[in-house]
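The values are calculated or read from the model by the stated rules, or taken from the named source; none is laboratory data. Since we're looking at a predicted model, the values are computed, not measured. All Cβ positions, even for glycine, are placed from backbone atoms using ideal geometry, and neighbour counts span all protein chains on display. We work out accessible area using only protein heavy atoms, side chains counted, and drop any ligands, DNA or RNA first. Shrake-Rupley method; radii C 1.70, N 1.55, O 1.52, S 1.80 Å.
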Amino acid sequence: AVHTEARGSSSGVMWRSGVIVTAEHALRRDEDIQITLPDGRVVPATLAGRDASTDLAVLKCAEATSAVAETSDASAIKPGSLALVVGRTRASGPVAALGAVSLVVAERRGWTGAVLAPYIRLDLGLQPAAVGGAVMDPSGGVIGVATPRFARFGAIAVPAPTVNRVVDTLLQKGRIPRGYLGVGLQPVRLPDALRKTLKRDDKTATIVLEVEPQGPAHNAGIVIGDIFVAFAGQAVTRLEDIHAQLGAESIGKSLPLKFVRGGALQEASIVVGERAHGADGHDERR
């Protein structure tokens, strides 16, 4: 394990030759990053990219070429399996925690329709110094990367297949692609009369407050004041319902949209674009 220096330190894993994976939330800056190699040398590293949705950050360092992690079959991990988290920071030295796997969750869709990454819940106490460290099975194979980010208690392991997918994408593109419609949206309450006309039980939808010129929504004929009530076959009651459909797989696809204009229900198709590099994926513009 190695550690990243960013106003404090956390652990990281030499995932491939010259490639280090750590916890995204623990990496508090993008520049002037230092790592300590297994032989004790402190060397600079550069950020290849971040993915907050899996809490992974990928670093590049040409000198990180030894003791590369050997992954094992994460699909063989079951509740009750033993798991060892190992890490190291400059201040603490080596750290380790032994526990059991309490839950294995496959990739799934949340209630908003968003695709949620798989994870392995660990029944162990995760010290701050071990965040971003390797999670190992009893045979010494690495099954994932440790983070407390999405756990109400204890910790989780981001499984090795997910880590590999994120590493491949960030090394290639520097970001996780996300779909983009080019609209500014705000939740809006639907009048009872309109709900009755639409035969809709949901009390809320989203209204368009801004349309980016020549953006995907503009090209589909969307104007300010349109009310989105369904997108990609899913009801729209809140902003998250739109965002849930704008994963990387949506880019370039023509997705159906139902909206209200002047009290009448209309339909359109929007060809999803790709959000510009550096744009904030958590603002109100979709």
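In the stretch 174-194, the qualifying residues are those that are modelled with pLDDT of 90 or more and charged (D, E, K, R), and the one that is nearest to ALA117 (Cα to Cα) is ARG189. The helices (runs of 4 or more DSSP H) found wholly in the stretch 156-245 and carrying at least 3 residues that are among the β-branched types (Val, Ile, Thr) and crowded, with 19+ Cβ neighbours inside 10 Å occupy 160-173.
The residue that is least open to solvent (accessible area, probe 1.4 Å), counting only those in the stretch 119-155 that are basic (Lys, Arg) and free of Cβ contacts under 8 Å to residues at least 60 places away in the same chain, is ARG121.
Where in the stretch 24-77 are there strands (runs of 3 or more DSSP E), lying fully within it, with 3 or more residues that are open to solvent by 30 Å² or more (accessible area, probe 1.4 Å), without any contact (Cβ under 8 Å) to a residue 40 or more places away in the chain and among the polar types (S, T, N, Q)?
Hits in the stretch 24-77: none.
Would you pick out the residues in the stretch 264-286 that are outside any strand (DSSP E or B) and either modelled with pLDDT of 90 or more or exposed (fewer than 11 other Cβ atoms within 10 Å of the Cβ) (or both)?
VAL272, ALA276, HIS277, GLY278, ASP280, HIS282, ASP283, listed by residue number.
Could you say whether any residue in the stretch 9-16 is open to solvent by 10 Å² or more (accessible area, probe 1.4 Å), modelled with pLDDT of 90 or more and of a type in the set (D, E, K, R)? Taking every residue of the stretch 9-16 in turn, at least one turns out to be open to solvent by 10 Å² or more (accessible area, probe 1.4 Å), modelled with pLDDT of 90 or more and of a type in the set (D, E, K, R). Annotation note: of VAL104, VAL135, the sole residue that is of a type in the set (A, V, I, L, M), at pLDDT below 95, part of a strand (DSSP E or B) and farther than 30 Å from VAL236 by Cα is VAL104. Checking each residue in the stretch 84-94 for being open to solvent by 20 Å² or more (accessible area, probe 1.4 Å) and aliphatic (A, V, I, L, M) picks out LEU84, VAL86, ALA91.
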